[in-house]
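Reviewing the structure listed below.
Derivation of every value follows stated rules applied to the coordinates shown; laboratory data play no part. Predicted model only: the values in this text are computed from it and were never measured. Counting neighbours? That spans all protein chains shown, and the Cβs are built from the backbone with ideal geometry, glycine included.
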Amino acid sequence: MSRERLYWEVTDNGFLFRFRDLSSDLTEWGRADLDPSDSLAVQMLEQLTSEGRGHYVDNGVLIPHEMVADLDEEERTILGLPEPFPFDVEIKSSGTLDAPDFRYLLLFMNGKDQPFVNPARQGAYLRVGADQEYLLTGDLFRLIESVERFNARAGSIPRAAPERLLRFAEIAGLARNVGATLDHYLNSQSVVTPERVSVRLRSLPDGSLEVDPIFCEEVPGKDEGSEVRPLLSQEAEADFLKKFDALRNVRDVYPLQDGVKVVLGERQKEALRRVKACRRLTGAEKEAFLRAPQEFLDPELIDLDHLDHFSDRVVEIGVYRPRFFPFLSATGESWFPEGGVIVETAGGSKGVYVSPEEVPALKERVQEALSSGKTEIRWKEEVLPVSADLTEALKELDIAYKTVKDSSVESLARARTVTRKILIIKDNFEELVYKCEEKPRSVEIGRLPKYLKPEVRLLEHQYEGIKWLQNAWVCGRRGALLADDMGLGKTLQALVFMAWIRELMDEEFIEKRPMLVVVPQVLLTNWAEEYTRYLKPEVFGPPLILHGDVLRRLRYDGGESEGEEPGTYIRKKRLNVEYVKKRRLVITTYETVRDYQVSLGQVDWGVMVLDEAQKIKNPTALVTMAAKAMKYEFGICLTGTPVENSWIDLWSILDFAIPGHLEPLTDFARKYHYPLKKQGTDVEALGRELKERVAPYFLRRTKEENLKGLPEKKVMYYRVPMPDCQLRRYMECVTQARRTLPDPQGGGSGRHILRAIQLLYEISLHPDLPCLNEASLASQPAGVFISASAKLLKTFEILDDVRRVGDKAVIFLRSRKLQRLLQRAIYERYGLKTAIVNGETLGEVRKRLVDEFQAKPGFNVIIMSPDAAGVGLNVVAANHVIHLSRPWNPAKEDQATDRVYRIGQKKTVFVHIPLAVHPLFEGGSFDEKLDRLLSRKRQLSTTVLLPPQVEEWEKLSLAEDVIACDAGEPEEGSFLTLRDVDEAAPTIFEMIVAALFRKMGYVAEPTPTHDRGADVVAVVGESGGARGMLIQCKHVKRPGEAVGPAAVREIAAARGIYELLHGCTFNLAVVTNAYGFTRSAVELADANGVTLVAREKLAVWLRDYPVEHAEVWFSIHGGGNLVP
């Protein structure tokens, strides 16, 4: 595909983007002679390479197929890539799975129950005709790749190899995710891939002991929690044991009764080998086994009840089953639990199992109860409390499950590991089942360790912090929470304390034990460097950085089972524990502790440090449970934000540091969490009470109060009147939100208001953000683009001043689209190439970009996402911070500022916060109301530890206040024009067409991504007599381009499935902003009865059925009742 200077071609390795008359240096995107579309595409490629999603080749950039498959719509459009494949895929079998010539047959369907003839695929690129090309995206791409990989290797895979069945399980799972159809034979296959192996002990008449291997699955229990039961029926189990005993070696596959095939990975086979070695025991061996079965059977492979070598908090080695409480959001893990969740009953005395499929139904029941004023419902013979919190949390769980269904194969692989063995702990959720009593020690505090380097000079607050940690240890506490502001040296204080403990070990006052530091991955190098900087090397010797290659070397058998391809489901999570025990200092990540908890849980840690301890703020998350399962004598939590979202965060962190010293989680929530949701609660008094309770275990100092010598920080707010165009869009949004507010009794008002919040948030940044595509905005001169936004006008005034004095500035901004547009405006205004650092930027690239920014003399600017600035960045070369967009959590905003305002800063720091204001409503604009809310949350967070996260009810209240401001109807001229259509994103164009059909009297909705050829469904009339229109929307960037026949083929193919779904007759249309269609498209449309609507007719529609911008903004996209 070619454009003016940028073109791409498909290779085996990916999409290769090349440039005519342009070197491969992507920083040349700012050249004045570049076409705006090409310039934006080159800028996009530069960002993708910086994020590790592409790399340079000779005179071009290669984006691998797997990366192209995951690009979003904006990125695909900018790069000029084809649209996603909209039709169905069928998979048929050729022979049986164990046949040497077995293959999967892939059929790309054309929407008319017929496959495309001779489709040509190369990676993520698919061509199904001379003029029809598509992208294979997401899991559809991964499904096709998995099928093709198997077919390519099928001839070399032995007939009986388990890989055949394992690949089938993977393909079947991906096919379910994308709705692909499997033929009858493939659907009939019954393949069991057990994850758990347990044992059953039987005493035989001769006095011997027989150890039976049992395959298990976990299911909901009759009462609380869950229970484990055999995976096979009694007959199949007996059949398996018979074959297990008859064969000398463990097999990969055991064919059993009723056609069931049990397929074993290396992990399960190793477990069975252990069982086979002690299948029947007598005499002394029998007694030894009963005393210590772990000496015979590896507890990481086989379920055992003897747990003496783990922490006393561990109750069993089992399967993670996340608990769910109405006051908690979804865990935030990268997967949803396969089996479901446990919802607490009224009173919190027990739990009820809810499968993912049942969440929507339960959510509906709860909403019905709320509408009728009920406080409880009956579900599965149990009574559940009804609350708005429960409704919201169920909604999040529903979204989480759907997200996993749409996720990548890597995410699915992670989901499969849910059934891996983990350490189940006494969790303190409903009752205090685990509490550590204080056991005082007799040691003098205040002494600094001899291992502290002599050149290190501690600040006063750091010395006091070390003494405080020493005192907590001497008092016999299990741990402590050091919650100093970011930049006060928490790492240094923890290292000095650890060196002090090591000195006590050397003096044989206490037993010598290794120490464990757990950090986010981006801080691994930082901790190693800080250790070398502050402490003498002999204190711990070289630290063991348990990550990457080192981790792989310490895994048994390299970590992945022999014969398995990288990235498949079967993995071994076992470490060489004895080697780890011999090291004095181990530094690793939260993910490693989660994945290797059974191994690391066998180590007696003298001190365990959790840096950025907010990582364990969710008490039900797997990473939290794993950290609490470790066997540590003293635990230190380090975090500058001990409360990010709710006081539950603090409970969870303290449950690691001082387990059992607060009430159980459910009681704590009733006392401290729920009252915050009620009007009239004295939140300050409640916060003071909680703060006093945790004071002995919690130390927090601020930079302003404790860091002498740090330069001044000046926070400056600018109330900037919105320019006319921004004010008009703002009021259109407010008016439309008020005009179309649904009846609260009918539901949906909350979703509607939250949509209004998002629109007001974007419009307050720039009026064209919600409606114009990035290419249109990028083509505007910088002066025009800037002058439309109050906040951008002030931002560039500030940057002018920063440049004049030769300082550096950091701009915090979340929108990736606006990041790139701002980057272009800065280049045009100052000739300055500005780096962008966001959450997608690789760690090493992030550090390089920051280092380059700081090293450049004089004026410089860097754009950062506040999310990317959370940990691991030091930007003290800058002394100006501009918060262009505001997070809903002031703690995150403060974290971002603290990347500049911290130890090492030599200049006065200026924090700039521009606010877009309405000239007629003093203090009533969205920005001003949000600022007051954030300030209030920040103040209460500081004084009484109130959670800083803005709650949804607070967002709703804020939006209702803004919507209540009435300045009359918007001015004339706010209706959509052809120019607006040309400048819209493809998705917005679909919303515009749907709005036009609604004006014509139809009920119309855009369809979701997998649309089977139709972009808009429009129906008029009642059931039985309904008729409708199916519309394919083709938005072109250059209206002079004629639309080809592919669009006609797609909409013609869609008719059958939509008529079947809706039970009505549909007419067909293709609507475009192009001037016309090709001759072949016209001929094909005539033959299929498809109406073609080109630019001239579209202009008539816009005149006869005027549509306001705001009507489009509030359109539903694939969220109504018309789409499949």
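List residues of region 468-494, by number, whose backbone nitrogen lies under 11 Å from a label position 7 Å along Cα→C-beta of V456.
So the set is 491-494.
Normalise the Cα radius of gyration of region 978-1113 by 2.2 N^0.38 Å (N = residues in it) and let me know the number. Each step should come with its number before you reach the end.
Numbers: Rg = 14.1 Å, N = 136, 2.2 N^0.38 = 14.2 Å.
In units of the 2.2 N^0.38 Å rule of thumb, it is 0.99.
In terms of modelled amide H atoms, which long-range or inter-chain residues lie less than 5 Å from the amide H of V57?
Here L62 satisfy the definition.
Could you go through region 1074-1087 in sequence order and give the Karplus-derived ³J(HN,Hα) for each residue, using 6.51 cos²θ - 1.76 cosθ + 1.60 with θ = phi - 60°, rounded to whole Hz, and x for Gly and Pro?
6, 6, x, 10, 5, 4, 5, 5, 5, 5, 5, 5, 4, 5
Percent relative contact order of region 52-177, based on C-alpha pairs within less than 8 angstrom and at least six residues apart? Could the numbers behind the result be given before it?
Numbers: 150 pairs, mean separation 27.8, N = 126.
The normalised contact order for region 52-177 reaches 22 percent.
Place the peptides 873-880, 436-443 in order of packing, highest mean first, counting for every residue the other Cβ atoms within 10 Å and averaging per peptide. Spell out each step's value before the answer.
On the way: 873-880: 21.6, 436-443: 11.2.
Per-residue Cβ counts within 10 Å, averaged per peptide and sorted highest first, yield 873-880, 436-443.
Quick query: amide H of L585 versus all other amide H atoms, modeled in the peptide plane; which residues come in under 5 Å with a sequence gap of 5 or more or a different chain?
Under 5 Å from the amide H of L585: M515, L544.
Just to confirm a number: summing +1 for Lys and Arg and -1 for Asp and Glu over residues other than K671 whose beta-carbon lies under 10 angstrom from that of K671, what do you get? Don't skip to the answer; put the middle values down first.
On the way: positive: R670; negative: E663, D667, E689.
That sum, taken over residues with Cβ under 10 Å, equals -2.
Near the amide H of D1015, under 5 Å away, which other amide H atoms are found, from residues 5 or more places off or on another chain, if H is placed in the peptide plane?
When sequence neighbours closer than 5 places are left aside, the close amide H contacts are I1031, Q1032, C1033.
What does the C-alpha gyration tensor say about the overall shape of region 89-176? Classify as rounded when a/c is under 1.5, otherwise prolate if a/b is larger than b/c, or oblate.
On the way: a/c = 2.13, a/b = 1.90, b/c = 1.12.
Prolate is the answer for region 89-176, as a/c is 1.5 or above and a/b outweighs b/c.
With θ set to phi - 60°, apply the Karplus curve 6.51 cos²θ - 1.76 cosθ + 1.60 along region 264-270 and write out the HN-Hα couplings as whole Hz, x wherever there is a Gly or Pro.
After applying 6.51 cos²θ - 1.76 cosθ + 1.60, I find 10, x, 4, 5, 5, 5, 5 Hz.
Need the C-alpha centroid separation for region 772-795 versus region 29-108, integer Å.
Taking the Cα centre of region 29-108 as reference, the centre of region 772-795 is 29 Å away.
Compare the peptides 603-612, 493-502 by average per-residue count of other Cβ atoms within 10 angstrom and give them in order, highest first. Display every interim value, and only then the final one.
Working: 603-612: 22.7, 493-502: 24.5.
Ranking the peptides 603-612, 493-502 by packing returns 493-502, 603-612.
Taking θ as phi - 60°, what are the ³J(HN,Hα) couplings along region 1101-1114 by the Karplus curve (6.51, -1.76, 1.60), each to the nearest whole Hz, with x for Gly and Pro?
4, 5, 6, 7, 10, x, 10, 7, 3, 5, 4, 6, 4, 8
Given points 7 Å out from each Cα along the Cα-Cβ axis, report the R200 to Y7 separation in nanometres with one decimal.
Spacing of the two 7 Å Cα→Cβ label points: 6.9 nm.
Work out, step by step, the length gained on full extension between K906 and Y717: first 0.36 nm times the residue separation, then minus their alpha carbon distance; give nm to one decimal.
Going from the current span to full extension adds 65.8 nm.
Once the Cβ-Cβ distance between T943 and A964 is put in as r, and R0 is 35 Å, what FRET efficiency do you end up with, to the nearest 0.05? Spell out each step's value before the answer.
Values: r = 30 Å, r/R0 = 0.86.
Computed FRET efficiency for T943 and A964 comes out at 0.70.
Taking the alpha-carbon centroid of each part, what is the distance from region 900-935 to region 593-660 in angstrom?
Computed from Cα coordinates, the inter-centre distance equals 34 Å.
Taking the Cβ-Cβ separation of T181 and Y674 as r and a Förster radius of 35 Å, what is the calculated FRET efficiency to the nearest 0.05? Write out the running numbers ahead of the final one.
On the way: r = 48 Å, r/R0 = 1.36.
Calculated transfer efficiency: 0.15.
Sorting check: for 277-287, 120-130, which peptide has the highest mean count of neighbouring beta carbons within 10 Å, and how do the rest follow? List each step's numbers first, then the result.
On the way: 277-287: 13.5, 120-130: 18.4.
Those peptides, ordered most packed to least, come out 120-130, 277-287.
Please report Rg (one decimal) and Dmax (integer) in Å for the Cα set of region 567-674.
Answer for region 567-674, Rg first and Dmax second: 15.2, 47 Å.
Cα centroids of region 455-529 and region 122-153: how far apart, whole angstrom?
53
Suppose the chain between Q234 and S935 were pulled fully straight at 0.36 nm per residue; how much longer would it get relative to their current alpha carbon spacing? Before the final figure, lay out each step's value.
Numbers: separation 701, 0.36 × 701 = 252.36 nm, distance 6.43 nm.
Net length gain for the segment: 245.9 nm.
How big is the convex hull of the Cα atoms of region 460-704, per residue, in Å³? Mind showing how you got there, number by number?
Details: hull volume 34.7 nm³, N = 245.
That works out to 142 Å³ per residue.
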